[in-house]
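The values are calculated or read from the model by the stated rules, or taken from the named source; none is laboratory data. Model, not experiment: these values are computed from the prediction. Cβ: placed from backbone, ideal geometry, glycine included. Neighbour counts: every protein chain shown. All accessible areas refer to the heavy atoms of the entire protein, side chains included, with ligands and DNA or RNA removed. Shrake-Rupley method; radii C 1.70, N 1.55, O 1.52, S 1.80 Å.
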Amino acid sequence: MVGAACALYAARAGLDVIVVDRGPMAGGTTGAGEGNLLVSDKEPGPELELALLSGRLWADLAEEVGDAIEYERKGGLVVAAGPDGLEALEKFATGQRAAGVEAVRVDADRLRELEPRLAPGLAGGVLYPQDAQVMPTLAAARLVRASGARLVTGAAVTGVLRGGGGAVRGVRTGLGEIHAPYVVNAAGTWGGELAALAGVHLPVLPRRGFVLVTEPLPRMVRHKVYAADYVADVASDSAALQTSPVVEGTAAGPVLIGATRERVGFDRSLSLPALRALAAGATRLFPFLERVRAMRTYFGFRPYLPDHLPAIGPDPRVPGLFHACGHEGAGIGLSTGTGQLIAQMLAREAPALEPAPFRPDRFPAPGSPPDSEEAT
Ligand SMILES: Cc1cc2nc3c(=O)[nH]c(=O)nc-3n(C[C@H](O)[C@H](O)[C@H](O)COP(=O)(O)OP(=O)(O)OC[C@H]3O[C@@H](n4cnc5c(N)ncnc54)[C@H](O)[C@@H]3O)c2cc1C
């Protein structure tokens, strides 16, 4: 998804673009997650600014391509179980409003007008009308097609070619060399491996997530609904399992219950404790789910960087190398803004956002002294 968005905006900036992937279209994390475009879970700061920019760009793209990416601005509803939780949620929303987010307080007695099947007894919530969604696989494919870029699939990048002064001059792939003055590393969870091929350190780690999918139902959940603890789970640095679910109905019928978070490397084994916890959390929000069957589950590995911000921009250590990876659990949402920023930097235009927080060289290499220039 991120590579597709970079391709689209770079092509629109007048550049010739080749998209290279070792697998098929959207065969990485993009094809293994959900398509929430959320502002509701982001605190004021660079990630929220990128989410707001991206949200505007998604809305523009949805006008262009119509239903083809299944864009739906259904809104997010965050609920609190008790008064303390509601106070914390309202405080969080106040900060977000100041940063440009629409956040509408919903009193307890109005919650069930918005979501008739919510559990009784909740203290209240906040409605975020800007929260939307797309179907990630379709969106990635549509954006690459709209870019007019050449797409080379089944071609693993095995080396980054360097010329005079160490500048990038293309990539080596299993299908031969591709020459270009700029290379954008949009390899998601494998972005650290690609960076290493160019000799630079970028500590992208996998953060596993499971999604539960129910049998098809009439539309019984209208918004994206989640409990206030979800925001703390997203921001957590712990490797341990976090399971606060986001529950939403889909046009096709199944209710999506996503997603767990844990750092267990690239462990592909099914985790029943994770799925049980997800189901239990969803059932606490929507008791009717107790009687609904889970039809399947799937999982993917989010590209996690230690400060929860993606790496976006040129790498000062390797002229011509750019990074656009490490978006963790928000890479679908943040892809359009990322693509626009990359295109602006490639075309040497002023970026729409201050790029400094996303600098790819902000992580000290293992063994380098903490006060070295790299660490600043
Ligand atoms: C369960 C789950 C739920 C999620 N829900 C959401 C959500 O609701 N909203 C949201 O915004 N995000 C969500 N995410 C996160 C989102 O899916 C990711 O942030 C996003 O897909 C990352 O996109 P990407 O393009 O950076 O990476 P990818 O989609 O992984 O793309 C990277 C590509 O690089 C290719 N590649 C890697 N190495 C090489 C190489 N050496 N040579 C050639 N090609 C290579 C791979 O084949 C892959 O296609 C979720 C993730 C999970 C796991």
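Over the chain, with every protein chain in place, what whole percent of the accessible area is carbon and sulfur at 1.4 Å, could you tell me?
About 54 percent, which is the carbon plus sulfur part of the accessible surface.
Say a paramagnetic label sat at a point 7 Å from the Cα of residue 65, along Cα to Cβ; which residues of the stretch 251-277 have their backbone N under 19 Å from it?
251-252
Among the trypsin sites (Lys or Arg not before Pro) in the stretch 284-349, which ones are in a DSSP loop with at most 13 other Cβ atoms within 10 Å of the Cβ? Mind listing them?
293, 348
I'd like the Kirkwood hydrodynamic radius of the chain, using the inverse of the mean 1/r over distinct C-alpha pairs, in Å.
About 21.3 Å, per the Kirkwood formula over Cα pairs.
Can you tell me the accessible area per residue over the stretch 86-179, all protein chains present, probe 1.4 angstrom, in square angstrom?
Solvent-accessible surface per residue comes out at 48 Å².
Rounded to the nearest 0.05, what FRET efficiency is calculated for residue 272 and residue 368 with R0 set to 45 Å and r the Cβ-Cβ distance?
For R0 = 45 Å, the calculated efficiency reads 0.60.
Measure out, as a whole number of angstrom, how far apart the alpha-carbon centroids of the stretch 241-270 and the stretch 281-350 sit.
15
For the stretch 197-227 and the stretch 1-80, compute the distance between their C-alpha centroids and round to whole Å.
Answer, in whole Å: 14.
May I ask you to give the solvent-accessible area per residue for the stretch 198-314, in square angstrom, as obtained with a 1.4 angstrom probe?
Solvent-accessible surface per residue comes out at 40 Å².
Show the residues, 5+ positions off or on another chain, whose built amide H is closer than 5 Å to the amide H of residue 207.
It is 302, 304, by chain and number.
Students often forget the sequence filter, so: which aspartates and glutamates lie under 17 Å Cα-Cα from residue 74 once same-chain residues fewer than 8 apart are removed?
34, 41, 60, 63, 102, 113, 115, 131, 248
Can you give the Rg to Rh ratio for the stretch 126-209, taking only C-alpha atoms and Rh from Kirkwood?
My calculation of the ratio gives 1.08.
Over the chain, calculate the relative contact order: mean separation of alpha carbon pairs under 8 Å at least 6 apart, over the residue count, as a percent.
The value is 24 percent.
For the chain, what does the helix formula give at 222 nm: sum of -39500 (n - 2.57) over DSSP H segments with n ≥ 4, over the residue count, nearest 500 deg cm²/dmol?
It lands at -8500 deg cm²/dmol.
Test of understanding: express the Cα radius of gyration of the stretch 7-103 as a ratio to 2.2 N^0.38 Å, with N the residue count.
1.39
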